[in-house]
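Below: the structure, in structure tokens.
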Amino acid sequence: MSDNEGTKKPKKVLGTVHVDRDRCKGCAFCIEFCPTHALELDKGFNAKGYHPPVLARPDDCNGCDLCGLYCPDFSIFGVMTKVA
Amino acid sequence: MSDTATNPVNPYLRLERMPSIWCPGCGIGTSVNCFARALTQAKLDLKMTSIVSGIGCTGRVSGYMSLDSFHTTHGRAIPFATGLKLANPDLNVIVYSGEGDLMAIGGNHFIHAARRNMDLLVVCVNNFTYGMTGGQVSPTSPGGATYTTAPFGQFEEPFNLPHLADSCGAVYVSRWTTFHVRQLTKSMREAMTKKGFRFIEVISPCPTLYQRRNKLGDGLDAMKFYKESSVVKNGADTRDLNIGFQTPITVGNFVNRSRPSFIEAQNKRYTEVFGPSYKPYPEGPHGNGANA
């Protein structure tokens, strides 16, 4: 954000995702359909041997919760917080 | 990452049963996710909502939802739901099952519940095969696809489910794929607040059997295929909604009409015949024309 601070509007909401790593089965629906492409598969494994998603580009996440809507295993969801 | 926040669908799930039995890449969980969000948005009284499933992969949904639920015998989800609705008309009764359960062994129950306009919401997850028993030909299997029981290709004419529901008299008919999560949630929400026999078909990937046996990749490839080749056509003629093997899938809300439900028709007839001595049967939560 620091590079183009003059051209970009300041963000009104900040988004983030919460991942329950052990529920994930690594289907990658969330990564494929994330509108801002903020997610990636983790290099590490969870207890069942799948690669859960990880928020690779936190600045891009807007907390729209589309990942949460796609997740077949109820393991990820996005939240929006308003900037004070 | 602080994990103080909880998943918005957690209150609708029996968390002690998680993770589910569904394969990685299966779309049933996505449809359940949309269903849980639609329950929130429709503001249904969860104490007065019950879910009925038959047998199969999708039949497990009733076990994972923390509603009053009923896991019934194969194909008999709609008869159990009919009995549940008539015994307690105040309940919102939802049937959630697969196409093998609802349309093959339970096909007769389906057409007659639609004909009577029984006050049920039927969500049918269509993955073109029998998943739990090992990939046999199901009533919606597209021609040319290979199966355990059709190694040289399936040659029977498949069901066109929206046309079947429409012609039998359902008041709300729609079809979405698991790619169309927002539209599916909206359709489920609309259908929950309507009265009569409502039918939603959800096209879902089956990575372990349908995709693998036909060399179509995994669940993610199926979702990409739905994204590229589905055509949204709201209000389309339901006769044109056949699905072939890897042909474009027409999705949308096709039918939205109103027709007297079973209990309304019964009350009307008996009031005509018996006059004021007949005490009308209670019509349930959407009674008195308050349906959307």
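The values are calculated or read from the model by the stated rules, or taken from the named source; none is laboratory data. Just so you know, these numbers come straight off a predicted model, no measurement behind them. Reconstructed Cβ throughout: ideal geometry from the backbone, glycine too, with neighbour counts over all protein chains shown. The accessibility values were calculated without ligands, DNA or RNA, using every heavy atom of the protein model including side chains. Shrake-Rupley method; radii C 1.70, N 1.55, O 1.52, S 1.80 Å.
Couple of notes before you dig in:
- Filtering segment B:239-289 to residues that are among the acidic types (D, E) and more than 21 Å from the chain's Cα centre (by Cα) leaves B:E264, B:E272, B:E283.
- Qualifying residue in segment B:47-64 (condition: more than 9 Å from chain A (Cβ to nearest Cβ), touching a Pro at 6+ places or on another chain (Cβ under 9 Å) and open to solvent by 30 Å² or more (accessible area, probe 1.4 Å)): yes
- If you check A:D60, A:D65 for being in contact with a Pro (Cβ under 9 Å, 6 or more places away or on another chain) and open to solvent by less than 80 Å² (accessible area, probe 1.4 Å), only one passes: A:D65.
A quick yes/no check of all residues on (1) β-branched (V, I, T); (2) in contact with a helix residue (DSSP H, G or I) (Cβ under 9 Å, 6 or more places away or on another chain); (3) in the same structural domain as B:E283 (by TED's automatic domain parsing):
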| position | (1), (2), (3) |
| --- | --- |
| B:P79 | no, yes, no |
| B:D90 | no, yes, no |
| B:G98 | no, yes, no |
| B:V125 | yes, yes, no |
| B:G131 | no, yes, no |
| B:S138 | no, yes, no |
| B:G144 | no, no, no |
| B:E157 | no, no, no |
| B:T185 | yes, yes, no |
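- Criterion violated by A:N46 - all others in (1) assigned to a loop (DSSP other than H, G, I, E, B); (2) out of contact with any helix residue (DSSP H, G or I) (no Cβ under 9 Å at 6 or more places or on another chain); (3) at pLDDT below 90 satisfied: (2)
- Residue within segment B:259-272 that is among the aliphatic types (A, V, I, L, M), touching a residue at least 24 places away in the same chain (Cβ under 8 Å) and assigned to a strand (DSSP E or B) present: no
- Search result, residues across segment B:11-27 that are at negative phi and within 7 Å of chain A (Cβ to nearest Cβ): B:L13, B:M18, B:P19, B:S20, B:W22, B:P24, B:C26, B:G27
- Failed condition for B:C206, given (1) within 14 Å of chain A (Cβ to nearest Cβ); (2) out of contact with any helix residue (DSSP H, G or I) (no Cβ under 7 Å at 6 or more places or on another chain); (3) open to solvent by 40 Å² or more (accessible area, probe 1.4 Å): (3)
- Those residues of segment B:216-244 which are more than 14 Å from chain A (Cβ to nearest Cβ), open to solvent by less than 70 Å² (accessible area, probe 1.4 Å) and not polar (S, T, N, Q), in sequence order: B:L216, B:V231, B:G235, B:A236, B:D237, B:L241, B:I243, B:G244
- Checklist (1) within 14 Å of chain A (Cβ to nearest Cβ); (2) surrounded by fewer than 24 Cβ atoms within 10 Å (Cβ to Cβ); (3) over 21 Å from B:P139 (Cα atoms) applied to B:C34, failing item: (2)
- Of the residues making up segment A:32-43, those that are open to solvent by 70 Å² or more (accessible area, probe 1.4 Å) and either assigned to a loop (DSSP other than H, G, I, E, B) or polar (S, T, N, Q) (or both) are A:P35, A:H37, A:K43.
- Qualifying residue in segment B:7-23 (condition: in contact with a Pro (Cβ under 7 Å, 6 or more places away or on another chain), over 19 Å from B:R175 (Cα atoms), open to solvent by 10 Å² or more (accessible area, probe 1.4 Å) and in contact (Cβ under 8 Å) with a residue 12 or more places away in the chain): yes
Matching residues to (1) closer than 15 Å to B:G27 by Cα; (2) open to solvent by 40 Å² or more (accessible area, probe 1.4 Å); (3) within 14 Å of chain B (Cβ to nearest Cβ):
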position	(1), (2), (3)
A:K12	no, yes, no
A:T16	no, yes, yes
A:V19	no, no, yes
A:P72	yes, no, yes
